[in-house]
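Down below is the structure, laid out as structure tokens.
The values are calculated or read from the model by the stated rules, or taken from the named source; none is laboratory data. Source: prediction; values computed, not measured. All Cβ positions, even for glycine, are placed from backbone atoms using ideal geometry, and neighbour counts span all protein chains on display.
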Amino acid sequence: MHRIGWKKIDTLIFVLGILGLFVYLYLYPKSLPEGAIKAPLDKKLIVEKAKEFLDAQSVEWRKFRARPAFVHNANALHYYQINSGIEQANKKIADGEVPVFYWRVRFRQPQNLDNLIKVSRENDDTAENVVQKMTKDTLIVDLTTKGEVFGFAISVSLDSIEAVPRDSALQIALQFLQRRSQINLNDYQLLDPDDTENDLTPVKKFVWERNTKIDDFSEKLTVKVAGSGIVQFTRFFKPPKNYQASNDYPELKGLIIVLVFVIIFILMLVLFIYKSRNDQIEQKHNMLLSVFIALFWSIMLVQSLLASDTRGLLLFFMPLITTTPFIFLGFLIASSLGESEAREVWPEKLFTIDMFRSGSFFFPQWSMSILRGFSLAFISLGILVLGIQLFDWKLDFFTTIDKEQLYKKFSVVPVFYIFVQGAVSVSFGETVFRLFTISFLKRLLKKTVFVFIAAALTWLISFGAYSQVHFSSFWLTLTMNLVLACLLIFFFMKWDFLTVLWGAFSFYLIRELHPFLFFGNESLIYNGYALWVFLGVVFIIALLGLRSKYQDKVLREYVPDYKIRQQERERLARELEIAKQVQASFLPEKNPQISGLDIASVCIPAKEVGGDYYDFLPLGESKLGIVIGDVSGKGIPAAFHMTLTKGFLKSQAKLDLSPRELLINLNELFWENVKRGTFISMIYGIIDVRERKFTFARAGHNPLLILKSREGLRSVLPKGLALGLTSGEVFGSNIDEYELPLSAGDVLILYTDGFSEAMNPDKEEFGEENLEKLISELGHHSAQGILNLIENNVRQFVESAPQHDDMTMIVMKIME
Amino acid sequence: MDSFEVSRRQKNEVEILEIKGYLDAHTAPSLENAIQELIDSDTYQIVINFRDLAYISSAGLGVLMGFIENIREHGGDIKLCEMNEKIYRVFDLLGFPKIYDITEKEEDAVQKFNR
């Protein structure tokens with residue numbers, strides 16, 4: 001067992017998990033709020049019963065579409081639960097006369113937008129209330145779970161109805177009631193008519209009341225007569241006290257929740273954009289995952305739309321088209337951010353998922369995550385039912401049933417619907433609140449205890465009230481869900497993401513599907529079986545996986561693309577830095593010391609490496625060779641050619657050639673060895689300090705500048721083509737050698753076009769004229785002084801504009 | 001990003017490329033492609049009109065050099081015309097006028113082919 005890193009805590013959680021499962025299985029039937037549903041009839045049968053009834057009433061229903069829905073009287077349900085406890089309440093409701101759970105069949109014209117909007121919120125209203133909200137041409141029939149009609153209503157146009165006197169109407173109503181044998185009117189008391197009713201009122205309303213003697217319920221029996229027909233018959237059972245369940249949290253808290261959500265969302269959006277720009281986001285897998293989630297979402301939506309009344313292509317596809325892209329985008333942001341954050345602080349949390357991505361599906365760590373996930377789910381379920389048992393009625397505490405969910409449960413293939421919904425909501429919830437939030441907090445706070453507390457707090461103020469386990473009191477809902485959330489947070493921080501993902505998902509599935517075993521409906525029971533078969537298969541695969549070969553973390557570690565790109569960028573940056581140092585080593589380390597000559601030089605590459613070159617070649621005591629060159633293009637290719645040039649030059653330097661001869665040889669070497677299209681401009685000269693002369697030749701390079709104390713500045717531009725432009729003959733016949741006599745105080749300046757063409761933000765060039773004008777005023781400075789002043793001047797001119805070309809300059813001053 | 005455009009037209013069996021904007025290391029490939037296209041269709045008499053060119057870098061000059069040998073072997077040439085002063089200065093410094101015909105007017109460049 002040590003092979004898979006089994007620890008004491010694993011034993012503990014597995015024992016707790018098994019305990020939790022047994023507690024849940026044992027207590028669940030006693031704690032199941034839906035336990036009293038007992039819905040032996042299926043939807044088709046219910047609709048048939050409703051139609052039979054309408055036929056008996058001679059009501060025309062054939063032009064309508066019948067939609068059955070399973071609803072409940074929440075007030076009555078909670079009254080029972082609070083006064084008797086859930087187990088007792090379930091018994092009473094299942095056997096009792098008061099219809100707490102019942103079917104409501106609505107008959108409606110298809111494609112009615114009004115109906116579409118209203119249907120979602122109507123529920124345990126009495127038929128009377130509903131009928132007032134109804135649009136015209138609607139029928140509803142309420143039936144008990146056994147299929148007995150206990151209420152119906154028809155909306156009618158009042159114009160065509162002839163008012164009958166109240167007495168005659170009463171007779172009609174009584175006749176109707178007499179036909180319904182289970183109603184003994186002796187127990188009831190007829191109430192006085194409304195003040196608003198008079199002889200001309202087309203619809204006459206009769207209300208009887210009685211004490212049912214069943215658990216102190218009172219009953220209100222309403223019959224409405226329009227003309228000579230019955231348009232409404234409803235029985236409404238009311239407990240002695242109002243127990244309106246409220247899932248609604250106070251407005252302020254709702255506002256806080258929305259705010260926190262908005263803040264988290266904005267934070268995620270900003271981080272996502274930031275990280276995307278810096279290429280810290282894995283896209284391929286998360287994109288695929290998001291497509292799946294969006295697909296699941298649309299399947300879910302289609303199912304719930306099929307279950308609702310929606311008809312008409314546009315109405316049907318609108319929600320699909322408008323929401324699915326947001327789900328896709330939302331999940332893409334959540335998952336890629338969650339992954340990126342987690343990878344930064346604890347990549348081991350993603351190990352199992354990375355293993356899947358690298359194509360490995362069978363290894364013990366995976367099994368352990370799934371088994372721990374099971375434990376997490378079972379412990380949570382145990383806590384949930386224990387909570388219901390412990391706090392039950394004694395603390396005025398009851399579970400409520402989500403009406404929408406119930407409605408859907410009986411309206412579509414439940415196991416499929418719940419599976420898909422679980423996949424969407426659990427992946428979203430766990431990615432945002434576990435993977436992203438906790439990893440983000442970990443990065444900020446570092447210390448485990450703080451992270452745990454902060455994660456719980458974040459969850460508390462954002463998600464608590466949105467949780468799917470509802471209790472009557474907001475605070476109880478929050479407390480119970482906080483306990484469950486802390487478990488999730490603990491499991492995530494202790495183990496990994498797959499653990500909580502599976503834990504939350506299996507918890508969700510069990511909570512939603514296990515109840516189907518208890519609804520007493522044979523046609524739905526398969527949903528419960530499907531759940532346990534599915535979980536059983538996963539469990540067995542996980543157990544088998546324990547025996548599989550342990551995967552070494554180092555060997556198979558998955559590295560996402562963006563990490564590889566990041567490492568590649570870092571590697572390139574390092575290589576480039578090395579290249580920069582190597583190239584710098586090809587330039588003179590310091591200026592040569594030669595008596596009678598003051599020398600300063602600089603080379604500032606625009607990128608890490610560049611194509612400018614300068615060098616000094618010692619040619620004896622009083623002579624010095626000076627070279628400056630500029631390779632076409634820039635960056636790495638230019639740097640290669642610059643290096644080559646230096647090699648060529650060194651090979652020629654020892655041959656005691658004149659500048660012109662040297663450049664002719666260099667051109668020959670260049671022309672033979674370098675691809676067409678690359679050239680280099682160059683000046684090579686020899687300064688003779690004793691003879692006071694500078695002999696040089698120019699190969700397409702910028703002019704040489706000479707500043708004489710009396711005559712001022714002059715630019716010298718002898719004939720000459722750049723190296724590499726053409727072969728020997730043309731080159732040789734077009735290059736001149738020039739000899740400049742020098743005297744003390746003269747300044748020689750060689751530069752590359754990086755100086756003269758330096759650009760400011762407005763794309764204006766510094767310019768040769770400007771450079772010459774500037775230099776002509778600097779004669780009295782030292783070589784270094786002149787160089788510094790020029791450099792400063794150019795920098796001031798350029799301002800914030802990026803340097804676009806290498807800048808090189810050599811300044812030489814003849815001393816006394 | 002500075003823009004660069006090449007457009008093509010014909011005059012007396014001479015292909016004229018008009019180039020416009022900034023010709024540097026980034027935009028050089030589009031001129032390269034344009035000339036390559038001409039060579040692929042066996043067109044070797046080429047005039048490049050620099051009238052609307054604002055800037056040329058050494059990489060831009062390299063493009064001209066890369067093709068010239070091949071074109072001349074086929075009895076053709078690349079002739080350059082209508083450069084502004086600044087651009088001519090760049091060509092002049094490097095000694096291009098010794099290797100290329102550079103004329104002030106486009107028709108003179110075309111004429112040189114027809115002679």
Please indicate, with yes or no, whether at least one residue in the range A:631-652 is in contact with a Cys (Cβ under 9 Å, 6 or more places away or on another chain), over 25 Å from A:Val747 (Cα atoms) and either in contact (Cβ under 8 Å) with a residue 24 or more places away in the chain or part of a helix (DSSP H, G or I) (or both).
no
Selected residue (only one of A:Ile790, A:Ile814 is surrounded by 14 or more Cβ atoms within 10 Å (Cβ to Cβ), within 26 Å of A:Val609 (Cα to Cα) and more than 14 Å from every other protein chain (Cβ to nearest Cβ)):
A:Ile790
Name the residues in the range A:593-637 that are within 14 Å of chain B (Cβ to nearest Cβ), closer than 25 Å to A:Ala697 by Cβ and surrounded by fewer than 18 Cβ atoms within 10 Å (Cβ to Cβ), would you?
none
With respect to A:Gly700, determine if the residue is of a type outside the set (Val, Ile, Thr) and away from chain B (no Cβ under 14 Å).
no
Please determine whether any residue of the range B:35-44 is at pLDDT below 90 and either crowded, with 21+ Cβ neighbours inside 10 Å or aromatic (Phe, Trp, Tyr) (or both).
yes
Quick check on the range B:72-86. Is at least one of its residues more than 13 Å from the chain's Cα centre (by Cα), of a type outside the set (D, E, K, R) and over 17 Å from B:Val14 (Cα atoms)?
yes
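Can you spot a residue in the range A:777-784 that is in contact (Cβ under 8 Å) with a residue 24 or more places away in the chain, of a type outside the set (Gly, Ala, Ser), at positive phi and in the same structural domain as A:Asp615 (by TED's automatic domain parsing)? Write out each step before concluding.
Step one: list which residues in the range A:777-784 are in contact (Cβ under 8 Å) with a residue 24 or more places away in the chain, which gives A:778-779, A:782-784.
From what's left, of a type outside the set (Gly, Ala, Ser): A:778, A:784.
Checking which are at positive phi leaves us with none.
No: the range A:777-784 contains no residue that is in contact (Cβ under 8 Å) with a residue 24 or more places away in the chain, of a type outside the set (Gly, Ala, Ser), at positive phi and in the same structural domain as A:Asp615 (by TED's automatic domain parsing).
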The strands (runs of 3 or more DSSP E) lying wholly within the range B:6-115 that contain at least 3 residues that are away from every other protein chain (no Cβ under 14 Å) and within 23 Å of A:Glu765 (Cβ to Cβ) are B:45-56
Being in a loop (DSSP other than H, G, I, E, B), in contact (Cβ under 8 Å) with a residue 12 or more places away in the chain and acidic (Asp, Glu) is the filter here; which residues of the range A:711-770 pass it?
A:Asp736, A:Asp746, A:Glu757
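Would you confirm whether any residue within the range A:664-673 is more than 14 Å from chain B (Cβ to nearest Cβ) and assigned to a loop (DSSP other than H, G, I, E, B)? Spell out the reasoning first.
Looking only at the range A:664-673, we keep the residues that are more than 14 Å from chain B (Cβ to nearest Cβ), and these are A:665-666, A:668-669, A:673.
The next check asks that each one be assigned to a loop (DSSP other than H, G, I, E, B); those that pass are none.
No, there is no match, as no residue in the range A:664-673 is more than 14 Å from chain B (Cβ to nearest Cβ) and assigned to a loop (DSSP other than H, G, I, E, B).
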Every residue from the range A:205-234 that is surrounded by fewer than 20 Cβ atoms within 10 Å (Cβ to Cβ) and among the charged types (D, E, K, R)
A:Glu209, A:Arg210, A:Lys213, A:Asp215, A:Asp216, A:Glu219, A:Lys220
Look at A:Pro33 and say whether it is closer than 16 Å to A:Pro515 by Cα and either among the aliphatic types (A, V, I, L, M) or modelled with pLDDT under 85 (or both).
yes
Residue pairs qualifying under the 7 Å Cβ cut-off, at least six apart or on distinct chains, with the first in the range A:579-601 being assigned to a helix (DSSP H, G or I) and the second being surrounded by fewer than 13 Cβ atoms within 10 Å (Cβ to Cβ) and among the basic types (Lys, Arg), are none
Conditions: (1) charged (D, E, K, R); (2) more than 10 Å from chain B (Cβ to nearest Cβ); (3) closer than 29 Å to A:Gly635 by Cα. A:Lys708 meets all but one. Number of the miss?
(3)
Taking the options A:Phe797, A:Phe694, A:Phe731, name whichever one is among the aromatic types (Phe, Trp, Tyr) and either touching a His at 6+ places or on another chain (Cβ under 8 Å) or within 14 Å of chain B (Cβ to nearest Cβ) (or both).
A:Phe731
What residue, of B:Phe91, B:Phe67, B:Phe113, is among the aromatic types (Phe, Trp, Tyr) and at pLDDT 90 or above?
B:Phe91
Quick one: what pairs do we get from the range A:359-384, first residue aliphatic (A, V, I, L, M), second surrounded by 24 or more Cβ atoms within 10 Å (Cβ to Cβ) and not in a helix (DSSP H, G or I), C-beta under 7 Å, 6+ apart or different chains?
none
